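Heads up, the thing below is written out as structure tokens.
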Amino acid sequence: MEQRNRLSFNARLFALVNMAISDALVSVMETKYVYTFWRPETAIRAADLDGNRHTEADSAFEPFIATPCFPSYGSAHAAASYAARNVAEALLGDDGVEVSLSNPAVAGVVLEYNTFEEITEDIDNARVYGGIHFRFDQRAGARQGRKIGAWVVHHNLRPVRE
């Protein structure tokens, strides 16, 4: 625990988290334009054109979150959050994590987390329930982010032995 209080440890942690997030976002944007997969809003509204006789279109469907103007697969939020999670877990572990999040725009709402996994689960669910991603978008972004986070931790800013 003493190491976590050192400036050099914290500087490395935050630098690696930022590297991992940045690399994950660049990588996932390339992935999006390789697959160019539609988002739920388009898929639901055009379900009668998908070749599956068991789906019905809902032209009135509106997602809870404004739909971004780029392809769905994989999820950039998942890639970035899992890359950051991988770095945080590698350096901090996942025991004894206490994170509280609030926003003045939603007064009185405080999100409490005890693991980094809880945070990434909430991010995944928010994107799916918000109507802008499919669950498989989240899973793909998560896989991509975990791999990038692991690579960043093992190849960048290696600790110096004293």
Which residue pairs have Cβ atoms under 8 Å apart, sit 6 or more places apart or on different chains, and have a first residue in the stretch 53-71 that is without any contact (Cβ under 8 Å) to a residue 24 or more places away in the chain and a second that is loosely packed, with under 10 Cβ neighbours inside 10 Å and among the hydroxyl-bearing types (Ser, Thr, Tyr)? none
Those residues of the stretch 121-139 which are of a type in the set (Gly, Ala, Ser) and either surrounded by fewer than 14 Cβ atoms within 10 Å (Cβ to Cβ) or not in a helix (DSSP H, G or I) (or both) amount to Gly130, Gly131
First in the stretch 110-139 and closer than 12 Å to Phe64 by Cα, second anywhere and of a type in the set (A, V, I, L, M), Cβ under 7 Å, 6 or more apart: Gly130/Ile65; Gly131/Ile65; Ile132/Ile65
Of the residues that make up the stretch 66-89, is at least one over 22 Å from His154 (Cα atoms) and of a type in the set (Val, Ile, Thr)? yes
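Among Ala78, Ala88, which is among the aliphatic types (A, V, I, L, M), in contact (Cβ under 8 Å) with a residue 12 or more places away in the chain, more than 23 Å from Trp38 (Cβ to Cβ) and crowded, with 16+ Cβ neighbours inside 10 Å?
Values: Ala78 fails: more than 23 Å from Trp38 (Cβ to Cβ).
From the options Ala78, Ala88, the qualifying one is Ala88.
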Anything in the stretch 38-63 that is under 21 Å from Ser81 (Cα atoms) and either of a type in the set (Phe, Trp, Tyr) or surrounded by fewer than 17 Cβ atoms within 10 Å (Cβ to Cβ) (or both)? List them, or say none. none
Could you run through the stretch 1-33 and say how many residues are surrounded by 11 or more Cβ atoms within 10 Å (Cβ to Cβ), modelled with pLDDT of 95 or more and either among the hydroxyl-bearing types (Ser, Thr, Tyr) or closer than 14 Å to Phe70 by Cβ (or both)? 8
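The values are calculated or read from the model by the stated rules, or taken from the named source; none is laboratory data. All values reported here derive from a predicted model rather than from experimental measurement. For neighbour counting, all protein chains shown are included, and Cβ atoms are generated from backbone atoms with ideal geometry for every residue, glycine included.
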